[in-house]
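No lab work stands behind these numbers, since they all come straight from the coordinates. Keep in mind that what you see is a predicted model, and the values were worked out from it rather than measured. Because the Cβ atoms are built from the backbone with ideal geometry, glycine has one as well, and the counts that use them run over all protein chains shown.
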Amino acid sequence: MTFQVERVPHAGTATPSFRQRLEHIWETEPGVAGFFSTVDHKKIGIRYIITAFIFLAAGGIEALILRLQLARPNQNLLAPEQYDQLFSTHGMTMIFLYALPVLSGFSNYLWPLILGARDMAFPRVNALSYWLYVASGIFMYVGFFMGAGPNDGWFNYVPYANRTYNPGLSMDFYSLGMVFLGISTTVGAANFVVTFLRLRAPGMSINRLPVMTWGTLTASAANLLVVPSVSLAFFMLWLDRNFGTHFFDVSKGGQPLLWQHLFWIFGHPWVYALVLPAMGMVSEGLPVFCRRPLVGYSAVVLATLATMTLGFGVWVHHMFATGLPNLAMSFFSGISLIITIPSAVTVFCWTATIWTGRPVITTAFLFFASTIILFVIGGVSGFMTGSVPADWQLNDTYFVVAHIHYVLLGINVFPVCGALYYWFPKMTGRLLDERLGQWNFWTMFVGFNLAFLPMHLTGLLGMPRRIYTYPAGVGWDTLNMITTIGAFILAVGVLLLFINVVTSLIGGALAGANPWDAPTLEWSVPSPPPPYNFAVLPKVASRYPLWESRLQASRGASSVTEGALLDHERETFGVTPLDGEPDIILKMPFDSYAPFVLTVGTTAIFVGLLLHRHLWPLAIVGAVIAAASLLAWLWPERRLGQTVEAAP
Amino acid sequence: MSDTPIRTQHPPPQHVAVPLLFFGLLIGPAAWSLQLVTNYALAAYRCYPDDMPRATILPNWHWSSPTILAINVIAAILALVGAAISVQNWRAARAEEGASISETLGEGVGRTAFLALWGIMTGLGFFAAIIFDTIALSMVPQCSG
């Protein structure tokens, strides 16, 4: 097979002068200019991760205050309205501003490296996605700091969210903020899908893709389908509140259940979007520490896709207590139960990988392996609420709070911590401290289970969610105190992680290119990687390019030191989606201020809409700025081959 | 730096048409999706409140139960057809790529075999999901109260 591209690229090995030329082409300008204009996926990925962890810290502090309020009965640390805003903001922060963005950060950083490309498919869209995420997060937090944070739970049910019952700006901040954030999520998801299909190393056919990428792909595809649903719901709510429409107003023929349908059609797939990429991280990292390939790669990948597909058909299980017809609910109950099958397949494959491997007990391994236990606990409680009669008993109790925390911490926070220990050396060139890491893991693991395992019992004893305090002597006192103690221990564990990151950045052991002796392409380049990722674009002949000699793969050999040499401006290969055959040399865009300026314009639009009674012209100004930045963004560039050259 | 054009042995020859491959892969989930949303709408309609003029919205509403059953049977058959086609695809792919099941699962030999294997699993898996929904017809009272 030969390349079907405009010019036949030359193959070879990279010389120092060649690397220097690539460095010059790909490096970001230093200083403030580079900060606002960079499109380097590695810088954007790390920014995503740092920003998400800042939001995690904020959400964590909110949780600790909530737990102080609930530690004992009849506490008055928080007033009811303060409590409502705090638990709603905690949910908003953790679910929307931490859980998905942190996964986007890892995927942004890792995808081109693990796929054997030099950047994401749309680098400027990547930058835009990040800036919009930051701006929408700030937008929603401004509301919170003004005393106008969301106060109706992260799911924001009507009619309480309607203006009649909820005057002020709380719901407007949240509604517009979610539409705002939805733009970031959507453009980021589109970028992942196209990158997955087109930007891979030659030879990386669809059956050889690193398992981690499948999780992010399915999450991204799902987000493209479901984010419009929630954006529409929030936009309709904003119209109801500000322009007299009646989408959700019963007295005028509106439908409160419409909100729940639109929200949960988004909400449940979103939960899977928060865990499947993290499960992909476990599937990628766990086998490395078991010193063997993942057991059942094909089954795990299919389970990932099947979980997401089935995940579109379970949203009504959030609405079992709304009076829907029995038979209609039973269909969703059936799917809510059967979705455990693909989840179980993944769990069995992970377990078999450990069982048949030779585990090396590092901190990363502990975080990855503990995910299995937490996933099973969260999965079993989810299975229980998938049954309609059980759900009627458990609905709106602390049992559900325990379930969601086992899912979101167990299958997001714990895998993310494992991923940090695993890929931190690649990102920084330094290893995180293992001794502190072990303390970090065990503190988090003990604290988490102390906080949330008893919470199941609290729920079974009847304690409802979303109450700011409770009377003494109804059997909840001790359990709540235990949960609060566990929450603080968990917080100490997270603090140890932050301390480890800082101290290791300063004085951690040098990592080298492949400190874990791992099999995938990102470990073939120096740590941290150069701006161009790969001096020569690798050729891939198996799923584990760096383990081929020991696995005795019989069908060709991958090459990471000799390959295509692309150095006419910023270039990388585009490949065919199924076979990974190069079919085009892509000209990648250079750094640009356009994504940042477009974000500034978009922010002005949303602020203008929020304060439309007084500041509507700001929305017009924002639209003009956004249009101008888009024009600059799309202006044809000679270096990208977008201009018609003069005939000779 | 050399001037050798890059040549690889990848991919092996493909004798299974890509549309057929994807038909086998996707027909099961597609059938399941359609039966789920249709089931939900029809089942919910059976329980429309008595004071609402449902006949003006959907005449012949009393046929909803047999209709749900018929839709489920058709969907289940489609899922099985997807699995059967994928079995054929799998056999053809094995012949052309010489890959065993363990090679496909382990080394990742042959994207056609890989996708065909998926088709078998999705066909059978979504057949099971449709059967779950169908069982409910005989076990669950249609409306509350």
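The table for this structure:
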quantity: Helix A:326-338 axis, angle to chain A major axis (alpha carbon atoms, nearest 10°); calculated: 40 degrees
quantity: Shape call, region A:556-648: gyration tensor on alpha carbons, a/c limit 1.5; calculated: prolate
quantity: Exposure proxy ranking, count of Cβ atoms within 10 Å, fewest first, for A:ARG163, A:ARG358; calculated: A:ARG358, A:ARG163
quantity: Pairwise label distance in nanometres, A:ARG613 with A:LEU224, each label 7 Å out on the Cα-Cβ vector; calculated: 4.1 nm
quantity: Test item: Cα-centred dipole of the protein assembly as shown, Lys/Arg +1 and Asp/Glu -1 on Cβ, debye; calculated: 440 debye
quantity: Value of D in µm² per second that Stokes-Einstein yields for region A:64-208, Kirkwood Rh from Cα pairs, at 20 °C (1.002 mPa s); calculated: 124 µm²/s
quantity: Radius ratio Rg over Rh of region A:594-634, counting only Cα atoms, Kirkwood formula for Rh; calculated: 1.04
quantity: Footprinting exposure proxy for A:GLU23, A:GLU62, A:GLU562 (fewest neighbouring C-beta atoms within 10 Å first); calculated: A:GLU23, A:GLU562, A:GLU62
quantity: Region A:170-179 - phi-based ³J(HN,Hα) in whole Hz, Karplus 6.51/-1.76/1.60, Gly and Pro as x; calculated: 3, 5, 6, 4, 5, 4, 5, x, 6, 5
quantity: Alpha-carbon radius of gyration plus Dmax, which is the widest Cα pair, for chain A in Å; calculated: 25.0, 91
quantity: Additional length obtainable on full extension of the chain from A:ARG466 to A:LEU551, 0.36 nm per residue less Cα span; calculated: 25.2 nm
quantity: Angle in degrees between helix A:594-610 and the longest Cα principal axis of chain A, rounded to the nearest 10; calculated: 20 degrees
quantity: For region A:1-105, alpha-carbon Rg and Dmax in angstrom; calculated: 24.1, 75
quantity: Computed [θ] at 222 nm, helices only, for chain A once each DSSP H run of length n ≥ 4 contributes -39500 (n - 2.57); calculated: -21000 deg cm²/dmol
quantity: Between helix A:80-92 and chain A: long-axis angle, C-alpha atoms, 0 to 90°, nearest 10; calculated: 20 degrees
quantity: Isolated Cys in the protein assembly as shown, by beta carbon distance under 4.7 Å; calculated: A:CYS290, A:CYS349, A:CYS417
quantity: Residue among A:LEU176, A:VAL597, A:LEU453 farthest towards the positive dipole end of chain A, charges placed on Cβ; calculated: A:LEU453
quantity: Ascending count of other beta-carbon atoms within 10 Å, so fewest first, for A:THR213, A:THR15, A:THR195; calculated: A:THR15, A:THR213, A:THR195
